[in-house]
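**Q** Supplied in structure tokens, the structure appears directly below.
The values are calculated or read from the model by the stated rules, or taken from the named source; none is laboratory data. The structure displayed is predicted, hence computed values, not measured ones. In this analysis, Cβ positions are derived from the backbone assuming ideal geometry, glycine residues included, and neighbour counts consider all displayed protein chains.
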Amino acid sequence: MAINRYRLKTLISKNNVQAKRVEKLLNNIDYLIGGILLGNNFVNILAASIATLISIKLYGEGSVIIASIILTVVILIFAENTPKTFAAKNPERIALPASWLLEILIKLFKPVIYLISLISNFILKTFGLKIENKDNLNSEELRMAVKDSKSMMTSNYQRMLLNIIDLEKVKVEDIMIPHHELVIADIDDEEELFDQFKRIEHNRLLIFQGSENNIIGTIHMRDVVNSYAKDEANISKIKDLIREPYFIPEGTTLSQQLEHFKTQKRRLGIVVDEYGEVQGMVVLDDILEEIVGQFTSSQGETIDEISLQEDGSYLVDPRISIRELNSELKIKLPFDNAKTLHGLILEQLQIFPQHNVSLKIDPLVIETIQVSKQSVKLVKITKSN
């Protein structure tokens, strides 16, 4: 029972006959337990009967208690505790060679074992106990297995594996670039469009028509550069460069979206809600950074989102995502509703705060440093004791 199931599967993949036999026995666990206990109890009871007969014949009826005590000690040491402790610590060494004998015994006494198993299962069901043969790990158990294997892999690999497991919990809206930060241009505003080409610092430009919620596609700046090189940079040619947009429904997990990017041969997607309203944008690099950590800085970034001060406090750009803030400061702020620190502040206050307003969100004290009429520009964060 103590044998490592995943080590067993590895041996099976190498065509180990004994391992295949062990797996077959474990897949029918009630028969296996029935066979082991049938033999175990038969031998113990038989030994007790023989010891009783011998003690009565040699020393009389009064010696039965002494014989029972001696036999109990012998069985516990030599037939129970010692061999089972050894087997529990060396399951593979015992289970593989013992499997052929167990298989023979189970086949020989199958009718008896079947009857015992039938009665046992009936009793369990009578008391409402479910019979499960579960060998799969859920995500939390898998996380624990990865953490327990720390001695077998580098901390970097372990962290990446844990991040991959967490992709099932994180949704695209948790890491997307929000709508108000998107760099977009109106295809009907030719002057603004070409002006964007001159100052854009990204590889792709989102194009809309009429309304910013009506994204009609993206333009790769490499194609624009080629058009300028061929002296074909006119509005007609630019329209031909627009690539069909790829939309992602809000609520999609990162694990699903990573697979979708792969199958759709895409690197960028527009996140929309149930009404088709644009919520933001997700790129493949953002998902990869969730696994390996940040390996690029945002283009055009002028200030650090988190700046440590001499007094131990932090100056923070409130547009930072709560997930990133949690990771950097080793805290656990909730992000079920608000996705950014700015959103969390507004959620707590229910109004736009004034300058030097403080609020406490355990374990942080947050003070507004710079504010405008519509948003908070800079906050000071101090960890409370």
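**Q** Does region 373-385 include one or more residues that are under 24 Å from Gly293 (Cα atoms) and among the hydrophobic types (A, V, I, L, M, F, W, C)?
**A** Checking region 373-385: at least one residue is under 24 Å from Gly293 (Cα atoms) and among the hydrophobic types (A, V, I, L, M, F, W, C).
**Q** Does Gln256 meet the test of being surrounded by fewer than 18 Cβ atoms within 10 Å (Cβ to Cβ) and free of Cβ contacts under 8 Å to residues at least 12 places away in the same chain?
**A** The answer is yes for Gln256.
**Q** Next question. Of all residues in region 268-305, how many are outside any helix (DSSP H, G or I), surrounded by fewer than 16 Cβ atoms within 10 Å (Cβ to Cβ) and at pLDDT 85 or above?
**A** Residues in region 268-305 being outside any helix (DSSP H, G or I), surrounded by fewer than 16 Cβ atoms within 10 Å (Cβ to Cβ) and at pLDDT 85 or above: 5 in total.
Per-residue answers, yes or no, for (1) surrounded by fewer than 12 Cβ atoms within 10 Å (Cβ to Cβ); (2) assigned by TED's automatic domain parsing to the domain that holds Ala338; (3) out of contact with any Asp or Glu (no Cβ under 9 Å at 6 or more places or on another chain); (4) within 25 Å of Gln279 (Cβ to Cβ):
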position: Thr154; (1), (2), (3), (4): yes, no, yes, no
position: Met160; (1), (2), (3), (4): no, no, yes, no
position: Leu167; (1), (2), (3), (4): no, no, no, yes
position: Pro178; (1), (2), (3), (4): no, no, yes, yes
position: Leu182; (1), (2), (3), (4): no, no, no, yes
position: Ala185; (1), (2), (3), (4): no, no, no, yes
position: Glu190; (1), (2), (3), (4): no, no, yes, no
position: Phe194; (1), (2), (3), (4): no, no, yes, no
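**Q** Turning to a different aspect of this structure: Take residues that are touching a Gly at 6+ places or on another chain (Cβ under 9 Å) and tell me which of the strands (runs of 3 or more DSSP E) falling wholly in region 306-385 contain 1 or more.
**A** Where strands (runs of 3 or more DSSP E) fall fully within region 306-385 and carry at least 1 residues being touching a Gly at 6+ places or on another chain (Cβ under 9 Å), they are 376-383.
**Q** State which residue pairs qualify: first residue closer than 13 Å to Leu105 by Cβ and inside region 24-49, second residue hydroxyl-bearing (Ser, Thr, Tyr) and modelled with pLDDT of 90 or more in any location, beta carbons under 7 Å apart, and separation of 6 or more residues or different chains.
**A** Within 7 Å, the pairs are Leu25/Ser99.
**Q** Which members of region 230-267 meet the condition of being charged (D, E, K, R) and either in a loop (DSSP other than H, G, I, E, B) or under 22 Å from Leu182 (Cβ atoms) (or both)?
**A** Within region 230-267, Lys230, Asp231, Glu232, Lys239, Arg243, Glu244, Glu250, Lys265, Arg266, Arg267 qualify.
The rows are residues; the columns are (1) farther than 24 Å from Arg7 by Cα; (2) among the β-branched types (Val, Ile, Thr).
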residue	(1), (2)
Ala87	no, no
Lys110	yes, no
Ile116	yes, yes
Ala145	no, no
Met153	no, no
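**Q** So, one more: In region 196-207, is there at least one residue being under 27 Å from Val292 (Cα atoms), touching a residue at least 12 places away in the same chain (Cβ under 8 Å) and within 29 Å of the chain's Cα centre (by Cα)?
**A** no
**Q** A follow-up question, please. Search region 116-128 for residues that are farther than 19 Å from Phe42 by Cα and in contact (Cβ under 8 Å) with a residue 12 or more places away in the chain and pair each with any residue that is of a type in the set (D, E, K, R) and surrounded by 13 or more Cβ atoms within 10 Å (Cβ to Cβ) when their beta-carbon atoms are under 8 Å apart and the residues are at least 6 apart or on different chains.
**A** Pairs that qualify, where the first residue is farther than 19 Å from Phe42 by Cα and in contact (Cβ under 8 Å) with a residue 12 or more places away in the chain and the partner is of a type in the set (D, E, K, R) and surrounded by 13 or more Cβ atoms within 10 Å (Cβ to Cβ), are Asn121/Asp30.
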